[in-house]
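Reading through the structure tokens given below for one structure.
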Amino acid sequence: MSTLIQDFRYALRQLRRNPGFAGTAILILGLGIGATTAIFSAVNPILFEPLPYPEASRIMMIWYAGQDGTRIPQTFHTYRELAERNRAFDDMAVMRAWQPTLTGAEQPERLDGQQVSANYFRVLGVAPAMGRDFQTADDIFHGPKVVMLSDGAWRGHFGADPAIVGRDVKLGGDNYTVIGVMPGAFNNILAPAAEFWSPLQYDPTNIASIETREWGHHLRVVARLRPGVSTAQARSDLERIARDRVAEFPRPPWASLSNGLVVNSLQADVAAGVKPALLAVAGAVMLVLLIACVNVTNLLLARGAQRRGEFAMRAALGAARPRLIRQLLTESLLLALLGGAVGMLVAQFGVRALVALSPPGLPRLDAIRLDTPAFVFALGITTVIGLALGLIPALHASRGDLQAGLQQSSMRTAASQQCTRRTLVVAEIAIALVLLVSAGLLLRSLQHLFAIDPGFDASHVITMQVQESGHRFDTDSARAEFFRQALEAVSHVPGVETAAFTSQLPLSGDYESYGVQFESDGNDNAEAGLRYAVSPGYFAALHIPLRRGRVLDEHDTAGAPLAVLLSESFAKRKFPGQDALGKRVRVGPDIGYADRPWATVVGVVGNVKQASLALGESDAFYTSTSQWAWVDRAQSLVVRTRGDAASLTSSIKNAVWSVDRDQPIVRVATMDSLLTTSEAERRFVLILFEAFGLAALALAATGIYGVLSGSVTERLREIGVRVALGATRQDILRLVIRQGMTLTAVGVVIGLAGAAGATQALITLLFGVSRLDPVTYLGVIALLAGVAGIACGLPAWRAAQIDPASTLRGE
């Protein structure tokens, strides 16, 4: 122990004697370790850390499978069938989003919550901290109005009232009795923003009518496996249920389970959307850390070359080779520990930046922090780096010839050490090329994405969602009148050009589809299409182009002949080479009823991107809000303005509130911002890759400069002799630059092979560009060559200024 302490003291003295070397190495390591730790802090809780529930690995999500394998929410009656007939699960619960309105304040507030079956919290394995859990008697049709609060809602909305249990609160016009408060540590992974929970209270007996909410695909199912049952066994059990129909549970065509069911663990289900991006970012940051380690290793090798005389003297005085190796490993470990300390500071800022830059919907955002696992990870990689960094320089320093070391000038380096340093520089260049190619491909993808026509003109458009609340709007006529008056009030706001309501807004996260039955297909066939119930002026507000026929207008009211518009892709697919105008369809709840009137296709409009700019064209149909089967409780207001759209936000909200002050207005955004946000995940990954790529480029340039600068210093005598024998400055410049560019060329060749393989991990994030895109590769090669040329030029210029006479006299 005393020898170890002595080694650390000596290492500390060495670093104090060389503050420039120590500061550079610590800073490089700190940046690498800090960035890696910050990314680990995001990746670990989302992909690897167990969810904060008892035996979380047994919690599963069950989805209805679409024709292409997509996950579709379940119907209530399908959930009932699965819950009754399964043999693999201990318990099964169902949930849906719930957004009650809290009124009475200066402005109405829409709250985030969930309507759940009574056993929801028991499936998760969590009990309330105050009061009681939901009971079966709470979850009956037209049952009692009861609510559970989150700890945050209890403290934020009700001042942490200790007598809250049993108290009535008014939500959406109804009085709800608080029966419990969830623990402060409860993390609701399935709906992180939810603060209120109420029983679902669907009608299990209403199975014959197919028009009820119980047959709608809008519920998510979570279940807990029985002990000892594997996921594969659970899938087999559910396949049996889907295959074997029973009379007790009839299934309409849209809930037939003909495509089976999708079963995944809750952890995999939550992380599915972001896993490719997070793994790509984690791989990129590890490459940056590797470059940082290579750079510091080069610094240690260069410093070791200057200390060869010292090592030889210590060996002559009796220090054995293991003793020298241990001393150098101690120095590198101390260097790494100091770099790790700086890295933790960098990681703190990095985590804050990650949270600020994270795309909407990133799961477990509140779990991204510097916790114990992140600290252990940082300590682990710091230790490994410290030992790995010192190993190569230690082996080089300890195996030299004793007499040669004593006689050799500290300005020269053994050929084997020069070879090692050049090899490391080649590795740096290769890794930098991989990162830069990845960043270039992502940048090109975003360029392609934002060059796509979304189907509408986003400029000068402000949007907001208006949601009615209260029993005075229980009837469709009352709701229709409110939205009509609100639209009229908004239309009179100065600066408003056109305004309209729509049931769902493009690129907002809305995604609602209904059945479409064409007369030409017969009564047994129906297809799905995105449903837009819009008011007159919607197409003018978004500048959606009309391809054929006419748009919906003020004449398409209740009682008038039913009119429908089709998207261009839908019309072409259903009627190739024909005119879709005049074709007759039934949509939504009218499907399957011979006594329901047919709607006529009166127009074809351009395709609109709904879910993402990257997805293909979705079939869609448009109907008037007055002619749809019901009036939507929440509608998006679309307003085209004559000037800056955002500047009219307050005036437009006040216009809506002039009709009814108690109606909440949420999700206020310009269409331009929605366009940008729709590709937030790709932008998030691009920003990180750009940062990592630039860091790698700077480190690679530093490595080239360091090797060439050291080489010039070590070859002063040779260069002096060359000049004395007639070599010109141009000859010396070419000599040094050729050496550096040769290293760059070898690194580029290796990096090209590496990039071709590594970019395979980015395929899901690329759009409109191949992972072998020649433009990107050529651009990155040109960038690397330019930076390498600058890094080579400085040592080359210094070499060309050498005075042969003074150099030879110094020898």
Problem - Selected residue (criterion: modelled with the lowest pLDDT) from residues of segment 172-189 that are within 30 Å of Glu49 (Cα to Cα), surrounded by 15 or more Cβ atoms within 10 Å (Cβ to Cβ) and among the aliphatic types (A, V, I, L, M) - result: Ile189
Problem - Conditions (1) part of a helix (DSSP H, G or I); (2) surrounded by 15 or more Cβ atoms within 10 Å (Cβ to Cβ); (3) at pLDDT 85 or above: number failed by Leu370 - result: (1)
Handout entry: Filter pass, Val376 being open to solvent by 70 Å² or more (accessible area, probe 1.4 Å), of a type in the set (Val, Ile, Thr) and either under 24 Å from Arg422 (Cα atoms) or free of Cβ contacts under 8 Å to residues at least 40 places away in the same chain (or both)
Key = yes
Exercise for the section: List the number of the failed condition for Thr75; all other conditions in (1) out of contact with any Pro (no Cβ under 9 Å at 6 or more places or on another chain); (2) crowded, with 22+ Cβ neighbours inside 10 Å; (3) more than 20 Å from Ser236 (Cα to Cα) hold. Expected result: (1)
Exercise for the section: Taking the residues in segment 199-226 that are outside any loop (DSSP other than H, G, I, E, B) and of a type in the set (Val, Ile, Thr) as candidates, determine which candidate is nearest to Gln267 (Cα to Cα). Expected result: Val222
Practice task
For segment 226-249, indicate whether the set of residues that are touching a residue at least 60 places away in the same chain (Cβ under 8 Å), touching a helix residue (DSSP H, G or I) at 6+ places or on another chain (Cβ under 6 Å) and within 30 Å of Ala35 (Cα to Cα) is non-empty.
Solution key: no
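Just to be sure before I move on: is Gly30 under 30 Å from Ser230 (Cβ atoms) and outside any strand (DSSP E or B) in the structure I sent? Can you show your working first?
Values: under 30 Å from Ser230 (Cβ atoms): no; outside any strand (DSSP E or B): yes.
For Gly30, the condition - under 30 Å from Ser230 (Cβ atoms) and outside any strand (DSSP E or B) - is not met.
Determine which member of the set Val169, Val126 is within 28 Å of Ile59 (Cβ to Cβ) and crowded, with 17+ Cβ neighbours inside 10 Å. Before the answer, list the steps.
Working: Val169 fails: within 28 Å of Ile59 (Cβ to Cβ).
That would be Val126, the only listed residue that is within 28 Å of Ile59 (Cβ to Cβ) and crowded, with 17+ Cβ neighbours inside 10 Å.
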Practice task
Name the single residue, out of those in segment 50-105 being over 17 Å from Val229 (Cβ atoms) and of a type in the set (S, T, N, Q), that is nearest to the chain's Cα centre (by Cα).
Solution key: Thr70
Exercise for the section: Would you check which residues across segment 560-586 are closer than 17 Å to Val534 by Cα and either without any contact (Cβ under 8 Å) to a residue 40 or more places away in the chain or polar (S, T, N, Q) (or both) and list them? Expected result: Pro561, Ser567
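Does Phe134 qualify as being of a type outside the set (Asp, Glu) and surrounded by 17 or more Cβ atoms within 10 Å (Cβ to Cβ)?
yes
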Handout entry: Identity of the residue in segment 646-701, acidic (Asp, Glu) and open to solvent by 50 Å² or more (accessible area, probe 1.4 Å), that ends up nearest to Ala284 (Cα to Cα)
Key = Glu690
Practice task
Just give me the residues in segment 1-12 being over 11 Å from Leu334 (Cβ atoms) and either small (Gly, Ala, Ser) or at pLDDT 80 or above (or both), in sequence order.
Solution key: Ser2
Handout entry: helices (runs of 4 or more DSSP H) enclosed by segment 681-800 - at least 2 residues per element that are closer than 29 Å to Leu301 by Cα and charged (D, E, K, R)
Key = 716-724, 729-758
Practice task
Could you check segment 592-642 for strands (runs of 3 or more DSSP E) lying wholly inside it with 3 or more residues that are of a type in the set (S, T, N, Q)?
Solution key: 634-641
Completion exercise
For segment 717-742 the number of residues that are surrounded by 15 or more Cβ atoms within 10 Å (Cβ to Cβ) and among the small types (Gly, Ala, Ser) is 3
Fill in the blank from the handout: Subset of segment 146-196, residues within 26 Å of the chain's Cα centre (by Cα) and within 26 Å of Phe473 (Cβ to Cβ), comes to Ala191, Ala193, Ala194, Glu195
Exercise for the section: Mind listing whichever residues of segment 587-630 are open to solvent by less than 60 Å² (accessible area, probe 1.4 Å) and among the basic types (Lys, Arg)? Expected result: Lys609
Fill in the blank from the handout: Among residues of segment 251-271 being under 21 Å from Ser513 (Cβ atoms) and of a type in the set (A, V, I, L, M), the residue modelled with the lowest pLDDT is Ala255
Problem - Residue in segment 282-290 that is at pLDDT 85 or above and either outside any helix (DSSP H, G or I) or closer than 30 Å to Glu55 by Cα (or both) present - result: yes
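For the subset of segment 452-484 comprising residues that are aromatic (Phe, Trp, Tyr) and assigned to a helix (DSSP H, G or I), which member is farthest from Ser508 (Cα to Cα)? Give the steps one after another, and end with the answer.
Step one: list which residues in segment 452-484 are aromatic (Phe, Trp, Tyr), which gives 456, 473, 482-483.
Next, from what is left, pick out any that are assigned to a helix (DSSP H, G or I): 473, 482-483.
Details: Phe473: 25, Phe482: 23, Phe483: 20 Å.
The extreme case among them is Phe473.
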Exercise for the section: Inspect all residues belonging to segment 220-228 and state whether any of them is closer than 14 Å to His77 by Cβ and crowded, with 16+ Cβ neighbours inside 10 Å. Expected result: yes
Problem - Any strands (runs of 3 or more DSSP E) falling wholly within segment 485-586 and containing at least 2 residues that are open to solvent by less than 40 Å² (accessible area, probe 1.4 Å) and in contact with a helix residue (DSSP H, G or I) (Cβ under 6 Å, 6 or more places away or on another chain) - result: 496-502
Practice task
Quickly run through segment 782-804 and pick out the residues that are of a type in the set (Val, Ile, Thr) and surrounded by fewer than 15 Cβ atoms within 10 Å (Cβ to Cβ).
Solution key: Ile790
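The values are calculated or read from the model by the stated rules, or taken from the named source; none is laboratory data. The shown structure was predicted, so the numbers you read here are calculated from the model rather than taken from an experiment. Here the Cβ is made from the backbone with ideal geometry for all residues, glycine too, and neighbour counts use every protein chain on show. The accessibility values were calculated without ligands, DNA or RNA, using every heavy atom of the protein model including side chains. Shrake-Rupley method; radii C 1.70, N 1.55, O 1.52, S 1.80 Å.
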